[in-house]
Amino acid sequence: MKLKDVLNSSEIIITAKCFFGFEETLAEELKELGFNDLIILNRAVRFKGTWKDVYFLNLHCRCAISILVEISQFVIRSEKDLYDACAKIDWSLIFDTKKSFAIKGAIFSEIFKNTHYPFLLVKDAIVDSFRDKGIERPNVDIKKPQVVFDLYVNDHQVTLSLNTSGLPLFQRGYRQSTGEAPLNEVVAACLIRLSKWDKKTDFIDPFCGSGTLLIEAALYASGIPSNIERQHYAFKNLKNYQPTLWQEIFDSATRIVRELPCKITGGDNSDEMVLKAKRNLRTFSFNRLVTIHSRDFKEFHSETPAFIITNPPYGERLTAEIEVLYSEMGTWLKHTMTGSEAWVISSTQEGLNSIGLKPEKKHKVFNGDLECSFRQFKTFSGSKNENYKTS
Ligand SMILES: C[S@@+](CC[C@H](N)C(=O)[O-])C[C@H]1O[C@@H](n2cnc3c(N)ncnc32)[C@H](O)[C@@H]1O
């Protein structure tokens, strides 16, 4: 497809990128949002759509980290081939020189000895193509670019895309203050979906920190898009940006709710973290509908079976202390939270084993660079829990 057609066409190739291990979770969400013929890739899902879909997904998709639109695919045999192919693209159709740009992506090819070099080549081709037209060159801004391109080289195959999100979509715009180990917002949304929470059973995060899981759960349950507070989208800086279309999509999204379908409750034993979580919640209409207590997790009780998703501490303490904490968590689940379902994300194997309940399910996931396990534990009423003990 020619670039002009990509920018104006009613059918474009969209790639939604995600974190490791969440491809199926993202695909499930995309299906629910009405997309079909999905191709599941490594850390991404590809499908056909329109520019309206691109705007819609940037706002509504909770599990993607960016939404790409393919602009060109070609084969290269040398470094020079990459420059030459990029120099043929009329970049001035995409953006004007007042906008800063950056190129990000991934290189899996032996053609390049230095993995930074292909990005430099594409940058040079973009700058030269403006210069050759006698137009002033646009500036590169790595930290806060207004226009972002995605370069993906797999062996000889190159895919160039527009990253229509720009800054990753986990920068939701609602989290002003965090603790030392906040959960990534997109990871939180993916964990909630992966857990298959029905949005009706009362939700508890007893180690809520800055409140990420509580906020993502409330957004999901209320149907408010996770990115409702976000201002930045790189598609707004493209020449083909349609502000009226974006406004229509934004205006038709749910923003205000007066009730939630269930109780959403959090807690943390640090007063400072509770304040931070409350501050992060303040921006939402469900602010007063989510309860946050300053308390130890063991003080939580639920009269009805609850659904727990939580991210307890894992790295910063001595192993022995962590084992005690997780073992107490197991006791609390078995004796206080009977009939509940709990999902725990943690990187500490010793800790997770100390819970003393057999996990029903386990998923390998990453929280930033940290490899974690996300485990489901179910507790039954009364003595049945004793059968669940594992070594
Ligand atoms: C990994 S952090 C949670 C981060 C959170 N998911 C977020 O996105 O900000 C773990 C939290 O557990 C809290 N914590 C530690 N021990 C606790 C206990 N016994 N009861 C309740 N909270 C505790 C810490 O204060 C910390 O905020």
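For the pair M1 and R131, label points projected 7 Å from Cα toward Cβ lie 3.2 nm apart.
If the chain linking Q231 and K263 were pulled fully straight, counting 0.36 nm for each residue of separation and taking away their Cα-Cα distance, it would gain 8.6 nm. Counting only Cβ charges, +1 for Lys and Arg and -1 for Asp and Glu, the dipole size of the chain around its Cα centre is about 600 debye.
For the residues H335, H232, H293, a GNM of the chain with alpha-carbon springs under 10 Å puts the largest fluctuation on H335.
Using a Gaussian network model of the chain with C-alpha springs under 10 Å, which one of P261, P118, P225 is most mobile by mean-square fluctuation? Between P261, P118, P225, it is P261 that shows the largest mean-square fluctuation.
Loop-located GluC sites (Glu not before Pro) in the range 242-302 (DSSP state not H, G, I, E or B) with no more than 12 neighbouring Cβ atoms inside 10 Å: E259. The angle separating the long axis of helix 23-32 from the principal Cα axis of greatest extent in the chain is about 80 degrees. Loop-located chymotrypsin sites (Phe, Trp or Tyr not before Pro) in the range 287-340 (DSSP state not H, G, I, E or B) with no more than 14 neighbouring Cβ atoms inside 10 Å do not occur. For the range 169-185, backbone phi angles converted through the Karplus equation (6.51, -1.76, 1.60; θ = phi - 60°) give residue-by-residue couplings of 6, 6, 7, 6, x, 9, 9, 8, 10, 9, x, 7, 10, x, 7, 4, 4 Hz, Gly and Pro being listed as x. By definition, a body whose alpha carbon gyration tensor gives a ≥ b ≥ c is prolate when a/c is 1.5 or more and a/b is larger than b/c, and the range 249-320 fits this prolate description. Spin-label model, T336 to N42: label points 7 Å out along the Cα-to-beta-carbon direction sit 4.4 nm apart.
For the chain, build the charge dipole from Cβ charges (+1 Lys, Arg; -1 Asp, Glu) around the Cα centre, then report which of T336, G134, Y314 sits farthest towards its positive end. Ranked along the dipole, the leading option is G134. Taking 14 Å as the straight-line reach from the Cα of K200, the aspartates and glutamates in range (excluding those fewer than 8 positions away in the same chain) are E259, E341.
Remark: the range 89-159 carries a charge dipole of roughly 340 debye about the Cα centre, counting +1 on each Lys and Arg Cβ and -1 on each Asp and Glu Cβ.
Cross-link reach is defined here as a Cα-Cα straight distance under 16 Å, omitting same-chain residues fewer than 8 places apart; for K298 the lysines meeting it are K334. Based on the alpha-carbon gyration tensor of the range 312-370 and its eigenvalue square roots a ≥ b ≥ c, which shape applies: rounded if a/c is under 1.5, prolate if not and a/b is larger than b/c, or oblate? Taking the square roots of the gyration eigenvalues as a ≥ b ≥ c, the range 312-370 is oblate. By its C-alpha gyration tensor, with a ≥ b ≥ c as the square roots of the eigenvalues, how is the range 3-163 shaped: rounded for a/c under 1.5, else prolate for a/b larger than b/c, else oblate? Verdict is prolate for the range 3-163. Just so you know, the averaged projected area of the alpha carbon convex hull for the chain sits at 20.8 nm².
Ellipticity at 222 nm from helices only: DSSP H runs of n ≥ 4 in the chain, each -39500 (n - 2.57), divided by the residue count, give -9000 deg cm²/dmol. Roughly what angle does helix 51-60 make with the longest principal axis of the chain, taking Cα atoms, 0 to 90 degrees, to the nearest 10? Taking Cα atoms only, the helix is inclined about 30 degrees.
Can you work out the FRET efficiency for the pair L120 and N154, with r the C-beta to C-beta distance and R0 = 30 Å, to the nearest 0.05?
FRET efficiency, L120 to N154: 0.95.
Readers should treat all values here as calculations from the given coordinates under stated rules, not as data from a laboratory. Please read all numbers here as calculations on a predicted model, not as lab measurements. Note: ideal-geometry Cβ built from the backbone for every residue, glycine included; neighbour counts use all protein chains shown.
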